[in-house]
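A short worksheet on the structure shown next.
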There are 2 protein chains.
Amino acid sequence: MKQNSRLWLALHTLGHIANEPDRMHTSAEIADHAGTNPVVVRRVLGRLREAGLLVSEKGHAGGWRLASAPKDITLADIYSALDENIVAPPPADYARSCAVESELHKHVTSVLLEAERSLVERLGETTLAQFQEV
Amino acid sequence: MKQNSRLWLALHTLGHIANEPDRMHTSAEIADHAGTNPVVVRRVLGRLREAGLLVSEKGHAGGWRLASAPKDITLADIYSALDENIVAPPPADYARSCAVESELHKHVTSVLLEAERSLVERLGETTLAQFQEV
DNA sequence: AGGTCTGTAACTTTTGATGTTGCGAAACAT
DNA sequence: ATGTTTCGCAACATCAAAAGTTACAGACCT
């Protein structure tokens with residue numbers, strides 16, 4: 001796969017699961033479909049489970065399924081569950097020194113945070129149901 | 001330094017140069033101040049020069065200075081010059097296959113792009129002049 | 001009991017960014 | 001003209017985060 005693709009893997013996978021909500025999907029099956037590794041899948045889906053979006057079951061007929069209906073899962077839920085901070089993390093070292101750049105830093109950070117907030121808001125307007133096949 | 005800190009290094013540096021617009025600033029001096037390496041500084045500032053924000057001069061009293069007045073340089077100019085795409089680059093591999101996730105992919109990408117557009121718009125409202133000391 | 005899953009903990013590999021060294025080219029001072 | 005300063009650039013070395021891998025314990029079903 002590639003780097004920083006957790007979000008895409010998550011979307012990809014949830015899209016599929018939402019289309020067949022009634023059966024369990026194993027990590028092996030998903031990994032196969034996504035061209036990656038079962039463990040990687042479990043890592044990513046694990047976060048979604050922690051966020052209450054998915055349910056996993058062990059054992060024979062185990063696997064993964066949605067924790068709620070596709071119409072109740074927004075893209076913002078998915079994005080947030082992965083805490084991908086689009087906002088470039090401020091490199092700490094820069095906080096020190098001159099008041100000037102401290103101001104600059106604060107200003108830019110707040111703009112970035114606001115951009116992220118508006119992004120999440122937008123993602124919240126769309127649910128998985130909108131991508132289900134008819 | 002740290003990772004993905006080009007934006008911060010650029011802001012930091014331009015902030016300083018904007019406060020002393022009349023003299024040349026050498027990469028060694030900047031690197032020293034930013035706790036990094038002259039070559040790294042030149043790499044980042046080189047992009048800003050390509051974008052027409054800075055001018056560099058070789059030789060004895062050489063170094064870097066702003067190409068225009070602080071009030072004519074917006075944070076968006078800086079951001080754009082570095083083409084930091086905050087939008088996570090879509091991992092290509094996913095474009096294939098099922099129409100469902102292709103739709104999902106397109107939708108999410110467009111939301112991300114819009115978020116970035118609005119971010120740049122916001123950054124465009126602020127100029128370097130606003131961070132100059134009085 | 002035996003087979004099928006997830007859950008996790010290591011560890012290795014890969015990738016992108018940063019840091020480093022070295023040297024050529026340009027500008028200037030003497 | 002010669003030497004010094006400084007950028008420009010290329011070729012590495014180093015580092016950190018992400019992804020991939022292996023291995024095995026725990027849970028569940030038949």
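The Cα center of the stretch B:28-68 and the Cα center of the stretch A:102-134 differ in position by 33 Å. Taking all protein chains in place and a 1.4 Å probe, what share, in percent, of the accessible surface of the protein assembly as shown do carbon and sulfur account for? Result for the protein assembly as shown: 50 percent of the exposed heavy-atom area is carbon or sulfur. Rolled with a 1.4 Å probe across the full set of protein chains, the surface gives A:GLU20 an accessible area near 90 Å². Per-residue shielding of A:26-35, expressed as the average number of other chain Cβ atoms within 10 Å of the residue Cβ, stands at 1. Take the Kirkwood radius over Cα pairs of the stretch B:6-131, plug it into Stokes-Einstein at 4 °C and 1.567 mPa s, and you get 80 µm²/s for translational diffusion. Note on the protein assembly as shown: Lys pairs 8 or more places apart or on different chains, Cα atoms under 20 Å apart, count 4. For the residues of B:126-133, the average number of beta carbons from a partner chain within 10 Å of their own beta carbon is 3. Largest first, the residues A:VAL44, B:VAL39 sort by 1.4 Å accessible area into B:VAL39, A:VAL44.
Computed from phi, the 3J(HN,Hα) profile of the stretch B:16-33 under the Karplus parametrisation 6.51, -1.76, 1.60 (θ = phi - 60°) reads 5, 4, 5, 7, 9, x, 8, 10, 7, 10, 7, 5, 5, 4, 5, 4, 4, 5 Hz, with x in place of Gly and Pro.
For the stretch A:6-131, a simple Cβ point-charge model (Lys and Arg +1, Asp and Glu -1, everything else neutral) yields a dipole of about 320 debye relative to the Cα centre. Take each residue of peptide A:4-16, count the partner chain Cβ atoms within 10 Å of its Cβ, and average: the result is 5. Here's the picture: charge each Lys and Arg Cβ at +1 and each Asp and Glu Cβ at -1 in the stretch A:6-131, and of A:ASN85, A:HIS105, A:VAL41 the one pushed furthest to the positive end of that dipole is A:VAL41. Estimated purely from DSSP H runs of n ≥ 4, each contributing -39500 (n - 2.57), the mean residue ellipticity at 222 nm for the protein assembly as shown is -16000 deg cm²/dmol once divided by its residues. Taking every C-alpha pair closer than 8 Å and separated by at least 6 residues, the mean separation divided by the residue count of chain A gives a relative contact order of 29 percent. Put simply, chains B and A cover up around 4000 Å² of each other's accessible surface, both sides summed, when a 1.4 Å probe is used.
The local environment of B:ALA28, defined by Cβ-Cβ distances under 15 Å, has a net charge of +1 under the rule Lys, Arg +1 and Asp, Glu -1. Between copies, the label points at A:ASP72 (set 7 angstrom from Cα along Cα-to-Cβ) are spaced 5.9 nm, reported in nanometres from shortest to longest. Think of a 1.4 Å ball rolled over the protein heavy atoms: the protein assembly as shown then has 51 Å² of accessible area per residue. Label point of A:GLU133 (7 Å along Cα→beta-carbon): distances to the other copies' equivalent points are 6.6 nm, sorted ascending. Axis of helix A:38-50 versus longest Cα principal axis of chain A: the two differ by about 70°, to the nearest ten degrees.
The values are calculated or read from the model by the stated rules, or taken from the named source; none is laboratory data. Computed from a predicted model, the values in this text were never measured in an experiment. Using ideal geometry, Cβ is built from the backbone for each residue, glycine included, and neighbour counts are taken over all protein chains shown. Heads up: the accessible areas ignore ligands, DNA and RNA and are worked out on the full protein's heavy atoms, side chains in. Shrake-Rupley method; radii C 1.70, N 1.55, O 1.52, S 1.80 Å.
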